[in-house]
Amino acid sequence: MTKPLKIGQAVERYALNYLTDAGLSTIAQNWSCRFGEIDLIMLERDTVVFVEVRYRKSNCFGGALDSIDHHKRGKLLKTAEYFLNENPNWLEHACRFDVITAQPSSAGLFKLDWIQDAFES
């Protein structure tokens, strides 16, 4: 396993724990289809939350949020739509797209920023 993959998995676990501590429950992790992958699919009360987790070692080349361009948003929307069609029990729920950005912090931890409703569906 390469180092970036280990960091990515650690950041996703950290984000999952953060959201769980905030009261969300897990529907799926790393859900993928032919259109792409969604890092975390969570439930907050009656809202299905599609979460993209982004890690950046530094902001020198743009922050983690900047890396979610129009093309990536389109892939996330198509993937979420496919998820809902494959899991019709969630179709009646409101949905939103959140982003969690992570940067390294002290003691091997991460500084997270949770951006709720980061872009429109």
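Values in this text are rule-based calculations from the coordinates and carry no lab data. This one's a predicted model, so the numbers in the text were calculated from it and none came from an experiment. Note: ideal-geometry Cβ built from the backbone for every residue, glycine included; neighbour counts use all protein chains shown.
Beta-bridge orientation, the chain: approximately 70 percent antiparallel, per DSSP, counting only bridges with both partners inside.
Compare the peptides 78-85, 19-26 by average per-residue count of other Cβ atoms within 10 angstrom and give them in order, highest first.
Peptide ranking by packing, descending: 78-85, 19-26.
Summing charges over all other residues whose Cβ lies under 10 Å from the Cβ of Leu24, with Lys and Arg as +1 and Asp and Glu as -1, gives -2.
Among the listed values (i) 15.9, 56; (ii) 15.5, 53; (iii) 14.2, 43, the one computed from these coordinates for Rg and Dmax of the Cα atoms in Å is (iii).
Across the chain, the mean sequence separation of Cα contacts (distance under 8 Å, 6 or more residues apart), normalised by length, yields a relative contact order of 23 percent. Going by alpha carbons, how many degrees (0 to 90, nearest 10) lie between the helix axis of 70-86 and the longest principal axis of the chain? Helix 70-86 sits roughly 40 degrees off the main axis of the chain.
The angle between the Cα long axis of helix 3-21 and the longest principal axis of the Cα atoms of the chain comes to about 60 degrees, rounded to the nearest 10. Each of Arg54, Arg73, Arg34, Arg13 was scored by other Cβ atoms within 10 Å of its Cβ. Arranged with the fewest first, they read Arg34, Arg13, Arg73, Arg54.
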